[in-house]
Amino acid sequence: MSKYIFVTGGVVSSLGKGITAASIGRLLIERGLNVNVQKLDPYINVDPGTMNPAQHGEVFVTEDGIETDLDIGHYERFLDKNFDHNCNYTTGKIYSNIIAKERSGEYLGATIQVVPHVTSEIKQVMRDAGGKDVDVVIIEVGGTVGDMEGMAYLEAIRQFERELKPGNYCHVHCTLVPYLDAAGEVKTKPTQHSVKELTSIGLNPDIIVCRTNRDVELTPNNRKKIAMFCNLDSGEYVVHCPDCETIYEVPLVINKQGMDRLICKILNLETPEPNLTKWQEMVDLYLSQLPVINIAIVGKYTEVPDSYISVTEAIKHASLNNKYRAKISIISSEDIEMMGAKEILKNFDAVVVPGGFGSRGIEGKILTAQYCRENKVPYLGLCLGMQIAVIEFARNVANITDAHSTEFNESTNNPVIHIMDSQKDVVEKGATMRLGKYNCHLSDNSMSRRLYGMPDISERHRHRYEFNNEYRNRLESLGLVIAGENLENNLVEVIEIADHPYFIATQYHPEFKSRPNRPHPLFVGLIRQAIANK
Ligand code: GLN
């Protein structure tokens, strides 16, 4: 039977519960355990696919095409493992399942209630995340303890813990421990209140992870006090996690305090000590003095850095692999519209145009692609970043001045990017795009083929619009290289520009498959060229 680790958060959101959960996962994998993860998000959307990234951060896509919370990206990167549709549930999804069952008569006669029906559904998805070959399931509950939306999840965990029996579950609670300058000390009261909230629901934390700002100390006395007020065995069960230089340091920080050993003790798991040499080497490289490379991400969801988290991580992985540190600036394409591409981009070594939806800022992205093409600046376009590169090439090289995507101009005479036939009559917005893993065949002489080192690959998608094959011959004859195709559906997947040191754009999202210890070849190639130009 699988054992369970529940990770909850208190005091404030954005504590980095996901990073903590992912770090625990990494340590348990290094102890030889088979780990699965599940994120439970209490909001009512069925999935984050319809949410603005400025509100909720990036939408991460799994191999099997599920639009998920960005924490799944952290899990995949930390655990170096792909997760599937079972890894993320929202209240919307849970209720959809229940309502579908109700309509089909499965509960015939019953009045459907939060307890027991919603909690039973939640327990079932938690059980489904376990299995014969899963040693440990890490379940992270989104939001903060005390949120109205999260109540059913915590109640389900309370019930589930009773079924699991002690020794088979461990509850990790993450809280904020502020340092007050005026008082000259850290304050444990918010943590005490948060745990009081938890215990009033019938949950008791086994380990408390205290998040603090960098350079804040948590003394043995602080730990003792937290343990006493929060019903822990001793101060040993209080783990201090200050802000780190890199998120990849967190597994090392919590391992030094014995957290993975304690978890295994609580779960009665006999495991060897983890071998963290490789991970430590990677972190040492992150922390070492490295030359800097300046990378611009020209996007539109610039309010929160999390909107492009997989892209920024992929750039960091690839830079490190080239022994450079990336200084990443997220630039609004609307600024480029106002001030011109050269003005804003002249000091950058490479440019990435990531995915996006809707017409705001599109012309600025097109100007960005033009600037990079004409000035031989290394360019990597991701999804929308490919579509606008095709529009730019059609307009400025092939002289098709009104070339556009039908996403932005439905009645354009030259739809070089258009909606797929299968998408034409789709009116629903949720989960109706081309999603998840598709094959791609790379052409023999392409740069992409050389970078990947193999002719056949598969990558993840999330889009409605596609390259319009009617323009293919005309654009190819002028130097647009069709470097990758999905042969099953006759769809263009990768374009390159001939006579350019590095101009690659993909209809898919390579950033989702980059890992800290396994950077993505297209990002590695981009950074390598940027360094060569320096
Ligand atoms: N808006 C474009 C489409 O739907 C691109 C999507 C994206 O960049 N993820 O095709």
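Read-outs: derived from the displayed coordinates by stated rules, not from any lab. Small disclaimer: the values here were computed from a predicted structure and weren't measured. Quick reminder, even Gly has a Cβ in these numbers, built from the backbone with ideal geometry, and neighbours come from all protein chains shown.
If you take all other residues with their beta carbon under 14 Å from the beta carbon of ASP335, and give Lys and Arg +1 and Asp and Glu -1, the sum is 0.
Counting only residues at least eight positions apart within a chain, or on another chain, the lysines with an alpha carbon under 29 Å from that of LYS101 are LYS3, LYS39, LYS93, LYS123, LYS132, LYS429. When the chymotrypsin sites (Phe, Trp or Tyr not before Pro) in the stretch 72-181 are filtered for DSSP coil states and for at most 13 other beta-carbon atoms within 10 Å of their beta-carbon, the remaining sites are TYR107. With both residues required to sit in the chain, DSSP beta bridges show an antiparallel share near 35%. Per residue, the convex hull spanned by the alpha carbons of the stretch 1-138 comes to 131 Å³. Relative to the longest principal axis of the Cα atoms of the chain, the long axis of helix 70-79 makes an angle of roughly 80 degrees. The phi torsions of the stretch 257-271, fed into the Karplus equation with coefficients 6.51, -1.76 and 1.60 and a -60° offset, translate into couplings of 8, x, 5, 5, 5, 4, 4, 5, 5, 4, 8, 6, 10, 8, 9 Hz, rounded to whole numbers, with Gly and Pro shown as x. Derived scalar couplings between HN and Hα for the stretch 328-342 equal 9, 10, 9, 10, 7, 5, 5, 5, 5, 4, 7, 10, x, 5, 4 Hz in order, rounded to whole Hz, by the Karplus curve 6.51 cos²θ - 1.76 cosθ + 1.60 (θ = phi - 60°), x for Gly and Pro. Normalised by the number of residues in the chain, the mean separation of alpha-carbon contacts (under 8 Å, six or more apart) gives a relative contact order of 15 percent. Note on the stretch 14-60 and the stretch 158-182: Cα centroid distance 17 Å, given to the nearest whole angstrom. A simple spin-label model places the labels of LYS278 and GLU149 3.7 nm from each other, with each point 7 Å out along Cα-to-Cβ.
Close amide H partners of PHE83, meaning residues 5 or more places away or on another chain with modelled amide H under 5 Å apart, are GLU63. Amide H to amide H distances under 5 Å link LYS3 with VAL136, VAL137, where only residues 5 or more positions off or on other chains count and H is placed in the peptide plane.
Translational diffusion coefficient of the stretch 304-351 at 10 °C, 1.306 mPa s, Stokes-Einstein with Kirkwood Rh over Cα pairs, in µm²/s as a whole number. Before the final figure, lay out the partial values.
Details: Rh = 12.1 Å.
Translational D for this selection: 132 µm²/s.
Between ASP133 and THR246, the modelled labels are 3.1 nm apart [label points 7 Å from Cα along Cα→Cβ]. Beyond 23 Å in Cα-Cα separation lie the following of the pairs LYS376/LYS437; LYS316/LYS534; LYS256/LYS316; LYS225/LYS256; LYS300/LYS342; LYS17/LYS187: LYS376/LYS437; LYS256/LYS316. Once the Cα atoms are used to define both axes, helix 384-396 deviates from the longest principal axis of the chain by about 10 degrees. Under 5 Å from the amide H of THR68 lie the amide H atoms of PHE60, VAL61, THR62, each residue being 5 or more positions distant or on a separate chain, with H modelled from the backbone and absent for Pro and chain starts.
When N counts the residues of the stretch 110-153, how does its alpha-carbon radius of gyration compare numerically with 2.2 N^0.38 Å, as a ratio?
Values: Rg = 12.7 Å, N = 44, 2.2 N^0.38 = 9.3 Å.
Rounded to two decimals, the normalised Rg is 1.37.
Over the stretch 198-283, what is the relative contact order in whole percent, taking alpha-carbon pairs under 8 Å and six or more residues apart?
Working: 77 pairs, mean separation 21.4, N = 86.
Averaging sequence separation for qualifying contacts and normalising by length gives 25 percent for the stretch 198-283.
Computed over the Cα atoms of the stretch 458-534, what is the ratio Rg over Rh, Rh following Kirkwood? Result: Rg/Rh = 1.00. Normalised by residue number, the volume inside the convex hull of the Cα atoms of the chain is 166 Å³ per residue.
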